[in-house]
1. Can you pull out every residue in the range 27-60 that is of a type in the set (A, V, I, L, M, F, W, C), in contact with a helix residue (DSSP H, G or I) (Cβ under 8 Å, 6 or more places away or on another chain) and free of Cβ contacts under 8 Å to residues at least 24 places away in the same chain?
2. Would you call E47 of a type in the set (D, E) and either open to solvent by 40 Å² or more (accessible area, probe 1.4 Å) or outside any strand (DSSP E or B) (or both)?
3. Considering only the range 1-15, state which residues are open to solvent by 60 Å² or more (accessible area, probe 1.4 Å), touching a residue at least 60 places away in the same chain (Cβ under 8 Å) and either in a helix (DSSP H, G or I) or under 12 Å from F60 (Cα atoms) (or both).
4. Being farther than 15 Å from H13 by Cβ and either among the acidic types (D, E) or open to solvent by 60 Å² or more (accessible area, probe 1.4 Å) (or both) is the filter here; which residues of the range 33-44 pass it?
5. Looking at (1) outside any strand (DSSP E or B); (2) in contact with a Phe, Trp or Tyr (Cβ under 9 Å, 6 or more places away or on another chain); (3) surrounded by 15 or more Cβ atoms within 10 Å (Cβ to Cβ), which is the only condition I18 fails?
6. Run V24 past the list (1) in contact (Cβ under 8 Å) with a residue 12 or more places away in the chain; (2) aliphatic (A, V, I, L, M); (3) farther than 16 Å from T9 by Cβ and report the number of the one that doesn't hold.
7. Could you please find all residues in the range 50-66 being of a type in the set (F, W, Y), closer than 14 Å to L8 by Cα and either part of a strand (DSSP E or B) or open to solvent by 60 Å² or more (accessible area, probe 1.4 Å) (or both)?
8. Could you check how many residues of the range 20-53 are closer than 13 Å to P64 by Cα and not hydrophobic (A, V, I, L, M, F, W, C)?
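The values are calculated or read from the model by the stated rules, or taken from the named source; none is laboratory data. Quick caveat: nothing in here was measured; it's all calculated off a predicted structure. Cβ placement follows ideal geometry from the backbone for every residue including glycine, while neighbour counts extend to all protein chains displayed. We work out accessible area using only protein heavy atoms, side chains counted, and drop any ligands, DNA or RNA first. Shrake-Rupley method; radii C 1.70, N 1.55, O 1.52, S 1.80 Å.
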Amino acid sequence: MPHQGDILTLPRHFQYHIQYAVPVEVFRGSAHVDIGVITAVDEGFVELQGTLYNRSLFTFISRPGY
């Protein structure tokens with residue numbers, strides 16, 4: 001179970017966030033891009049409420065309690 005501020009990298013991290021609807025914050029470099037709940041994930045992309053983010057371009061941070 002990832003904690004507040006942990007970077008999501010492993011498939012099980014993303015699956016946990018999908019299963020329990022734990023919010024994530026999306027960054028590109030040091031710039032905040034979005035925050036929300038993951039609705040789908042595969043090896044190349046993460047979908048947050050209808051928007052696709054390339055996993056190699058963006059960083060996903062756990063934000064439980066948001």
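1. From the range 27-60, those of a type in the set (A, V, I, L, M, F, W, C) are 27, 31, 33, 35, 37-38, 40-41, 45-46, 48, 52, 57-58, 60; that's our starting set.
Among the residues that remain, those that are also in contact with a helix residue (DSSP H, G or I) (Cβ under 8 Å, 6 or more places away or on another chain) are: 37-38, 40-41, 46, 60.
Listed by number, the residues that qualify are V37, A40.
2. Here the answer is yes, as E47 does meet what is asked.
3. Within the range 1-15, just Q4 meets the criteria.
4. V33, D34, T39
5. Of the numbered conditions (1) outside any strand (DSSP E or B); (2) in contact with a Phe, Trp or Tyr (Cβ under 9 Å, 6 or more places away or on another chain); (3) surrounded by 15 or more Cβ atoms within 10 Å (Cβ to Cβ), the odd one out for I18 is (2).
6. (3)
7. Those that are of a type in the set (F, W, Y), closer than 14 Å to L8 by Cα and either part of a strand (DSSP E or B) or open to solvent by 60 Å² or more (accessible area, probe 1.4 Å) (or both): Y53, F60.
8. 4
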